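Written below as structure tokens is the structure these notes are about.
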Amino acid sequence: MKALLALLFLLASLLTAGSGLQCEQCFAQDETCTGQMMNCSIGENTCMIIETQNLIDGVKTMSVTKTCGVSSSCNQPPTLQNFGKALSVMSSIHCCMGDACKNASAPFPKKDTTPNGMSCPACYAIDSPLCPKESVNCTGPETKCLDLAQQITSASGKIQVIMKGCVTPNVCTDLQTGSRTNQGTTIDITKVACTSGGAPGLSGLLPALAGLLMLKLLP
């Protein structure tokens, strides 16, 4: 459950705070969800349905989030995140307004699993200061290495999350350090860095790549 909540909060942090619009707000570990209509923040100009496929320790699950967002996120390709053996995620966004949101969905394209010649340090850890050392071969459009650390504070307490792995460039474009609050949950991203992947199998490059991840912070 903590892993799924961390993923949800990460997705929320990718959405720029955006007007007096009302959208349905809900989250479920299913293909659909229902919730109350909520006022959107100033600047948010569309409703969004975010569908996510999670592969956690070999178990595949689906989740859906309905929320407010900004229209600049509507035409983005699906985001792909591969954190090694423990976790991989594919998310797709569909924008809608009013009644059109009731039966709308965010379909997934077929995932390209062809190795692209790049690799990244990979791990996923909750409430642990260290990740197990691992590397993962990137596939398809996963051309960036992500190094992310965040603290999530909600009514149930605080959790620390570390994520490292292959991601698509649109993940890197939207993430930045800082703190934001959404529906009573505060996400404090303390470190986020993206670099280009290295050649797979060259273990000597991985320490240098890890150093670059720490130095080359996103704006």
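Any residue that is assigned to a strand (DSSP E or B) and surrounded by 12 or more Cβ atoms within 10 Å (Cβ to Cβ) - is there at least one of those in region 99-108?
no
Scan region 196-208 and tell me whether some residue there is over 25 Å from Thr65 (Cβ atoms) and at pLDDT 80 or above. So that I can check it myself, show each step before the final result.
Restricting attention to region 196-208, the residues satisfying the condition of being over 25 Å from Thr65 (Cβ atoms) are 196-208.
Now restrict to residues that are at pLDDT 80 or above: 196.
Yes, some residue in region 196-208 is over 25 Å from Thr65 (Cβ atoms) and at pLDDT 80 or above.
Please work out if Glu44 is in a loop (DSSP other than H, G, I, E, B) and modelled with pLDDT of 70 or more.
Values: in a loop (DSSP other than H, G, I, E, B): yes; modelled with pLDDT of 70 or more: yes.
For Glu44, the condition - in a loop (DSSP other than H, G, I, E, B) and modelled with pLDDT of 70 or more - is met.
Give me the residue from region 78-106 that is within 16 Å of Met37 (Cα to Cα) and among the charged types (D, E, K, R) and, out of that set, nearest to the chain's Cα centre (by Cα).
Result: Lys102.
Can you tell me which residue in region 57-83 is nearest to Ile42 (Cα to Cα), limited to those that are small (Gly, Ala, Ser) and either modelled with pLDDT of 85 or more or surrounded by fewer than 18 Cβ atoms within 10 Å (Cβ to Cβ) (or both)? Explain how you work it out, then say what you get.
From region 57-83, those small (Gly, Ala, Ser) are 58, 63, 69, 71-73; that's our starting set.
Filter once more, keeping what is either modelled with pLDDT of 85 or more or surrounded by fewer than 18 Cβ atoms within 10 Å (Cβ to Cβ) (or both): 58, 63, 69, 71-72.
Details: Gly58: 40, Ser63: 27, Gly69: 10, Ser71: 13, Ser72: 15 Å.
Step by step, filter region 57-83, then rank; the result is Gly69.
Do we have Ala155 as at pLDDT 85 or above and assigned by TED's automatic domain parsing to the domain that holds Cys131 here? Explain how you work it out, then say what you get.
Working: at pLDDT 85 or above: no; assigned by TED's automatic domain parsing to the domain that holds Cys131: yes.
Answer is no for this residue.
If I filter region 43-56 down to residues being among the polar types (S, T, N, Q) and touching a strand residue (DSSP E or B) at 6+ places or on another chain (Cβ under 7 Å), which single residue comes out as surrounded by the most Cβ atoms within 10 Å (Cβ to Cβ)?
Residues of region 43-56 among the polar types (S, T, N, Q): 45-46, 52-54.
Now drop any that are not touching a strand residue (DSSP E or B) at 6+ places or on another chain (Cβ under 7 Å), which leaves 46, 52-54.
Working: Thr46: 21, Thr52: 26, Gln53: 17, Asn54: 19.
Only one residue fits best here, namely Thr52.
The values are calculated or read from the model by the stated rules, or taken from the named source; none is laboratory data. Since we're looking at a predicted model, the values are computed, not measured. Cβ: placed from backbone, ideal geometry, glycine included. Neighbour counts: every protein chain shown.
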